[in-house]
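The values are calculated or read from the model by the stated rules, or taken from the named source; none is laboratory data. The model shown is predicted, which means the values in this text are computed figures rather than measured ones. Every residue, glycine as well, gets a Cβ built from its backbone with ideal geometry; the counts of neighbours run over all protein chains shown. Remember, those area values only see protein heavy atoms, side chains included, never the ligands or the DNA or RNA. Shrake-Rupley method; radii C 1.70, N 1.55, O 1.52, S 1.80 Å.
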Amino acid sequence: MKHKETAVIIKQEALSDGIFSLWLETEAATLAKPGQFLSLYPKNAARLLPRPISICETDKINGKSAIRLVYRVVGGGTAEFSTFKPGETIDFLGPLGNGFPENARRALLIGGGIGIPPMLMLAKSRAAREQSSREDTLIVTGYRDNNTFLLSELSRYGTVYGAAEQLCADLFTDRALRNELLFIPIRSARQTESFPLDGASDREKTGAVPFTEGTVLDAIKAFELSADVIYACGPKPMLKAVKDFALEKGIPAWLSLEERMACGVGVCLGCVCETAEPDPHSLVTNKRVCREGPVFAAEEVIL
Amino acid sequence: MNLSVNIAGVTLKNPVITASGTFGSGEEYAEYQDLNGLGAVTTKGVSLTPWMGNKTPRVTEVYGGMLNAIGLQNPGIDTFITRDLPFLSQYDTRVIVNVCGKTTEEYLAVVERLSDTAADLLEINVSCPNVKEGAIAFGQNRDALFAITKEIKKKARQPIIMKLSPNVTNIAEMAKACEAAGADAISLINTITAMKIDIYKRSFVLANKTGGLSGPAIKPVAVRMVYECAQAVKLPIIGMGGIATAEDALEFIMAGASAVAVGMIHFHDPNRATQIVQDLIQYMNTYHVEDINELTGCVR
Ligand SMILES: Cc1cc2nc3c(=O)[nH]c(=O)nc-3n(C[C@H](O)[C@H](O)[C@H](O)COP(=O)(O)OP(=O)(O)OC[C@H]3O[C@@H](n4cnc5c(N)ncnc54)[C@H](O)[C@@H]3O)c2cc1C
Ligand SMILES: Cc1cc2nc3c(=O)[nH]c(=O)nc-3n(C[C@H](O)[C@H](O)[C@H](O)COP(=O)(O)O)c2cc1C
Ligand code: FES
């Protein structure tokens, strides 16, 4: 029987303004696939519903299986999580959902805002496969502003590009990155010509993450990125734009969707998204994001 | 020790049931609890044809509970009978099928389709606040409730449980109408119509604007309503609304319920109904209760 699990908190740190990284010790780590999520229970008894959070990474820490979550504080539940200290426990369900299908050689991973964390696990999983090299994993990260996070870690497993809607190169907050990497900020996609990139070889030497002002789509266009498959997670307008781009270019794309959830396991029908074909559960056109998803083929969903 | 209860001639091995819409057709939570340990499983509402349900957001949390406006999304009676009912029939538990419709004819058609199936009891949902037509309209008017109960009773092969809405001025009057029309049992409460506003977006949180409130937040209201109905009618009562523990279940039983249904708390703990059965047994041991039925309506 499955049950509500209890994990011990190993460590928690702030990565950036309001963005936290939480490591949990749990055997569930051994089951987790990229694109799946955990549903975490707040301790406050008035907050009864679990909070879905994507699995950012799994690893062994001191010989024990562990899951890492990276989340943004947006309300009472996540605010509570951010106060949890090592040694305290947290209850959760999971891993839940289907996850990303992995097979293609050259992949473009697109993460927007708090949709970036699951891309780390996907990139790491790809790097662990023999046939794919770091160059075959292109990662585009989209941020609101200079509050970046996870850039240096993503750079270990793939070639990373950045986009920020409001950009000021001196103000990047990803502390690890500031120490390890050099930026080649591109002020705006439209100005790419005046800030030429010297190509991948040069980048490897410096380890720089080139940034463009604008959205992830602006970055894809500015850096002329292409691949055999696209994986994306982020806000709905971004997913819409990625879907259109993928259809236009004829690249198969997998989108990870977000919807308000109650049960997290497929019971309540709260979290549905509109689909092109009838769903297997209710025979209408409403798939459950928590069960049939959160990852869907781009042409499968109506955004 | 006796834990079994009788609802309209159907014996349940214990008084703990799952509440409609909070347990699907059992499949998902069967991975988390042994359905054989439950008195009965009540299914999600089933209509004549597949229903789309409402736009999202359909659910949101509120203090001590949640709002839902699912709008009765379901695959329709045909798929329910060929796929979902056989799944539940594998288990040694009773099956209560929750029936919904937009017109009297639709309710009757579903009830008739269920007549030669493994369904043990039918729960008639005349109290869903989240669909525009039918449903709650039947449950908020005494005469309409009487009429539909009478019609369904004529056609139903299984005993019928009328599920009452709390969104009425006098719930005991509704219970009396069901009894007069020949209902075999009543269940209550369905969700309480409610609303949540997003003050940053200055809009409604739910796409449907309103939703049904459920969870511990509604329990005191539900206990009071079960008590009022128990005083007004002789029908067996299935009590529900915010039950989270065996202590909560006992409040409903003492107020007059023969059985109880455990609902949205499953979203907080997918094993909760089974846990409540175990905790009830412990209570009976500790307080030397020989028969759970002794407690039904013991508070007057
Ligand atoms: C599949 C999936 C994966 C996610 N992965 C991540 C992640 O890796 N990192 C991260 O920071 N966030 C993630 N989210 C969003 C995260 O679930 C919400 O930010 C979180 O639930 C907010 O809880 P709260 O109590 O702080 O906010 P409140 O607004 O107080 O929450 C109230 C209720 O609304 C729900 N809710 C609020 N915002 C959202 C939202 N955006 N999506 C779904 N439910 C919401 C809550 O779960 C809760 O039930 C994910 C959502 C989904 C559906
Ligand atoms: C998500 C959800 C879906 C529901 N769907 C139905 C339904 O299909 N038919 C019905 O009669 N009641 C439905 N209900 C109402 C419950 O069966 C129950 O009456 C109510 O939630 C009160 O109990 P609770 O507080 O324990 O959840 C639903 C409740 C929830 C939370
Ligand atoms: S959250 Fe309940 S079905 Fe997805």
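When the residues of the range A:65-74 are narrowed to those that are within 22 Å of A:I114 (Cβ to Cβ) and open to solvent by less than 30 Å² (accessible area, probe 1.4 Å), which ends up nearest to the other protein chains (Cβ to nearest Cβ)? That would be A:Y71. Picking from residues in the range A:105-125 that are open to solvent by 10 Å² or more (accessible area, probe 1.4 Å) and assigned to a helix (DSSP H, G or I), the one that is nearest to A:R156 (Cα to Cα) is A:K124. The residue list A:I110, A:I116 contains one member that is touching a helix residue (DSSP H, G or I) at 6+ places or on another chain (Cβ under 6 Å) and of a type in the set (A, V, I, L, M), which is A:I110. Scan the range A:268-303 for residues that are β-branched (V, I, T) and open to solvent by 20 Å² or more (accessible area, probe 1.4 Å) and the total you get is 2. Filtered by the rule that a residue be within 16 Å of ligand 2 (Cβ to nearest atom) and either more than 7 Å from chain B (Cβ to nearest Cβ) or small (G, A, S) (or both), the range A:262-274 gives A:A262, A:G264, A:G266, A:G270, A:C271.
Residue count for the range B:1-56 under the criterion of being surrounded by fewer than 24 Cβ atoms within 10 Å (Cβ to Cβ) and either of a type in the set (S, T, Y) or more than 14 Å from every other protein chain (Cβ to nearest Cβ) (or both): the result is 15.
Any residue in the range B:69-78 that is away from ligand 1 (no atom under 16 Å from the Cβ) and open to solvent by 20 Å² or more (accessible area, probe 1.4 Å)? Yes, there is a match, as at least one residue in the range B:69-78 is away from ligand 1 (no atom under 16 Å from the Cβ) and open to solvent by 20 Å² or more (accessible area, probe 1.4 Å). Taking the criterion of being open to solvent by 40 Å² or more (accessible area, probe 1.4 Å) and more than 14 Å from chain B (Cβ to nearest Cβ), the residues of the range A:21-64 that qualify are A:E25, A:E27, A:T30, A:K33, A:D59, A:K60, A:N62, A:G63, A:K64.
Candidates in the range A:254-267 are the residues that are open to solvent by 10 Å² or more (accessible area, probe 1.4 Å) and within 10 Å of ligand 3 (Cβ to nearest atom); of these, the one that is nearest to A:A241 (Cα to Cα) is A:E259. Among residues of the range B:188-208 that are among the β-branched types (V, I, T), those with a beta-carbon under 8 Å from a residue that is away from ligand 2 (no atom under 16 Å from the Cβ) at least six positions away or on a different chain give the pairs B:I197/B:S203; B:I197/B:F204; B:V205/B:I197; B:V205/B:D198. Residues that are within 13 Å of chain A (Cβ to nearest Cβ) and farther than 15 Å from B:G211 by Cα do not occur anywhere in the range B:111-122. Of all residues in the range B:264-276, those that are buried (at least 24 other Cβ atoms within 10 Å of the Cβ) and more than 10 Å from chain A (Cβ to nearest Cβ) total 2. Reported count of residues in the range B:48-66, each being farther than 26 Å from B:K219 by Cβ and aromatic (F, W, Y), is 1. Assessment of the range B:138-153 against the conditions (surrounded by 18 or more Cβ atoms within 10 Å (Cβ to Cβ) and within 19 Å of B:V95 (Cα to Cα)) yields at least one matching residue. Examine the range A:226-238 for a residue that is modelled with pLDDT of 95 or more, open to solvent by 50 Å² or more (accessible area, probe 1.4 Å) and within 12 Å of ligand 1 (Cβ to nearest atom), and state whether such a residue exists. For the range A:226-238, residues modelled with pLDDT of 95 or more, open to solvent by 50 Å² or more (accessible area, probe 1.4 Å) and within 12 Å of ligand 1 (Cβ to nearest atom): present.
Listed here are the strands (runs of 3 or more DSSP E) enclosed by the range A:55-104 that have at least 3 residues being within 16 Å of ligand 1 (Cβ to nearest atom): A:64-72, A:89-96.
For B:G256, the stated conditions do not hold, so it cannot be described as touching a helix residue (DSSP H, G or I) at 6+ places or on another chain (Cβ under 9 Å), open to solvent by less than 20 Å² (accessible area, probe 1.4 Å) and within 14 Å of another protein chain (Cβ to nearest Cβ). Only one entry in A:E299, A:E258, A:E248 is more than 10 Å from chain B (Cβ to nearest Cβ) and in a loop (DSSP other than H, G, I, E, B), namely A:E258.
Being on the phi > 0 side of the Ramachandran plot, over 16 Å from the mean Cα position of the chain (by Cα) and within 14 Å of chain B (Cβ to nearest Cβ) holds for only one residue in A:G94, A:G87, and it is A:G94. The residues on offer are B:R202, B:R224, and the sole one that is at pLDDT 95 or above, farther than 25 Å from B:I265 by Cβ and open to solvent by 50 Å² or more (accessible area, probe 1.4 Å) is B:R202.
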